[in-house]
2 protein chains.
Amino acid sequence: MSREAAQGAQRPGVDHSRSDLEDLIGYNLKRAYIIVQSDFRDALGADGMSARVFTALSLCVKYPNITQSELARMMGIERSGLVAIVDELEAREHLRRARVPGDRRVQALVPTDAGRAAYDAAIQAVRAHEDRLFSDMTSSERATLLALLKKIRGLEKQQ
Amino acid sequence: MSREAAQGAQRPGVDHSRSDLEDLIGYNLKRAYIIVQSDFRDALGADGMSARVFTALSLCVKYPNITQSELARMMGIERSGLVAIVDELEAREHLRRARVPGDRRVQALVPTDAGRAAYDAAIQAVRAHEDRLFSDMTSSERATLLALLKKIRGLEKQQ
DNA sequence: TATTGTTATACTCTATAACTATA
DNA sequence: TATAGTTATAGAGTATAACAATA
């Protein structure tokens, strides 16, 4: 007899097969997030970019000459936390910190050709990872999920 | 003129208003997760339980006499990581480690009356937090989101 | 005074490896 | 040999506070 069955037997008539947790969006969001992030890591390999480095590179490619402060704000992290991310991308020679004429406080982030190529390869790998992981979900389900997640993102309180 | 507009002007005809990231489930999942977890923390207060401690207590209440190994497996974390969680719950006097007759290696986790009361209060606070945070979403949208997140949870590769 | 990038530091969460006591 | 709980340790990822350079 399994432990679960043994526990259930302690309180007859009560369904122990589902926890309160299973009804919580936060709990399900966390568990789903862990699965997807784990698969992302596997897909990009041992020396691949982490999700946050990939995100930073994506935004630098999309918005060349973005400043670190702007990038941090877009990513929802502190400026201080971005330093190590930019350091890594610079060490990989995917971008460089460029001085901006007119404001010597600012560092513009400029992707290199190698950085753009690395991003193109990475985004293909990431799309392949999602296509494979979510192959049991229909396009409609994926679109619905995306829309609902964006709705949650819209609920964020502005600070 | 905004920076985004300035950047868009650099490559006419290309829509820079949306990043590749916005189409990725993983990215949206992460951003949504951060918002919900942050609101969870605010809702439970400065000396409230963290999400993982709340989860552990929930499972202990639901499955009294669960072992630490079983609880770790249910939570998807290592046994070693559970020690600090159980330590905290024991320090709060929400549960106790009980010796099990017949196998002296095992510690059964038994919620106290105070633990059950604390859980009842916490689950109410958590439900209130989700009801408030997701008040712009219909019951149908929330149910759909839950179902899709559970579908992702079902994709986890078994180790 | 305010902002940009940076450093120092600490905290949370997690994992791996090794240990002990039991089985 | 294998398992349950534990400890030591390290690595992400994050935040806060303070600083120098610059505006």
Inter-copy label distances at residue A:88 (7 Å, Cα→Cβ; nm, one decimal): 2.5
Neighbour cut-off at most 16 other Cβ (10 Å), DSSP loop, GluC sites (Glu not before Pro), the stretch B:47-111: B:78, B:93
Contact order relative to length for chain A, counting C-alpha pairs under 8 Å separated by 6 or more residues, stands in percent at 19 percent
Specify, for chain B, the residue whose C-beta is closest to the rotation axis mapping it onto chain A, with the distance given in whole Å. B:33, 2
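Could you compute the net charge surrounding residue B:139? Neighbours are other residues with a C-beta less than 13 Å from the C-beta of residue B:139; K and R count +1, D and E count -1.
Its environment carries a net charge of -4.
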Cα extents of the protein assembly as shown along the principal axes, largest first, in whole Å, come to 73, 37, 37
Between B:108, B:122, B:32, which gets the highest mean-square fluctuation from a Gaussian network model of chain B, Cα cutoff 10 Å? B:32
Helix-only mean residue ellipticity at 222 nm, chain B, DSSP H runs n ≥ 4 weighted -39,500 (n - 2.57), per residue, nearest 500. What is it? -19500 deg cm²/dmol
Would you mind checking which residues have amide H under 5 Å from residue B:107's amide H? H placed 1.01 Å from N; only 5 or more apart, or other chain. B:68
Expressed in square angstrom to the nearest 10, the accessible area of residue B:77 with a 1.4 Å probe stands at 60 Å²
State the dimensionless ratio Rg/Rh of the stretch B:32-74 (Rg: radius of gyration of Cα atoms; Rh: Kirkwood radius). 1.07
For every other residue with a beta carbon closer than 15 angstrom to the beta carbon of residue B:94, add +1 if it is Lys or Arg and -1 if Asp or Glu, then tell me the sum. -1
Filter the cross-link list A:157/B:150; A:30/B:150; A:30/A:62; A:30/B:157; A:150/B:30 down to pairs whose alpha-carbon distance in this structure exceeds 21 Å. A:157/B:150; A:30/A:62
Find out how many positive minus negative residues lie around residue A:34, taking Lys and Arg as positive, Asp and Glu as negative, among other residues whose Cβ is under 13 Å from that of residue A:34. +4
Go through the stretch B:55-69 residue by residue and turn each phi into a ³J(HN,Hα) via Karplus (6.51, -1.76, 1.60, θ = phi - 60°); whole Hz please, and just put x for glycine and proline. 4, 4, 5, 4, 6, 5, 5, 6, 10, x, 6, 4, 8, 5, 4
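Leaving ligands, DNA and RNA out of it, report the carbon-plus-sulfur percent of the accessible area of the stretch B:70-125 at a 1.4 Å probe.
It is 49 percent, rounded to a whole number.
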Going toward the positive end of the dipole of chain B, with +1 on Lys and Arg Cβ and -1 on Asp and Glu Cβ, which of B:89, B:139, B:128 do you reach last? B:89
Dimensionless Rg ratio for chain B, taking C-alpha atoms and the 2.2 N^0.38 Å reference: 1.41
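The values are calculated or read from the model by the stated rules, or taken from the named source; none is laboratory data. Note that the structure is a prediction, hence the values are computed from the model and not measured. FYI the Cβ positions are ideal-geometry reconstructions off the backbone, even for glycines, and counts take in every protein chain you see. The accessibility values were calculated without ligands, DNA or RNA, using every heavy atom of the protein model including side chains. Shrake-Rupley method; radii C 1.70, N 1.55, O 1.52, S 1.80 Å.
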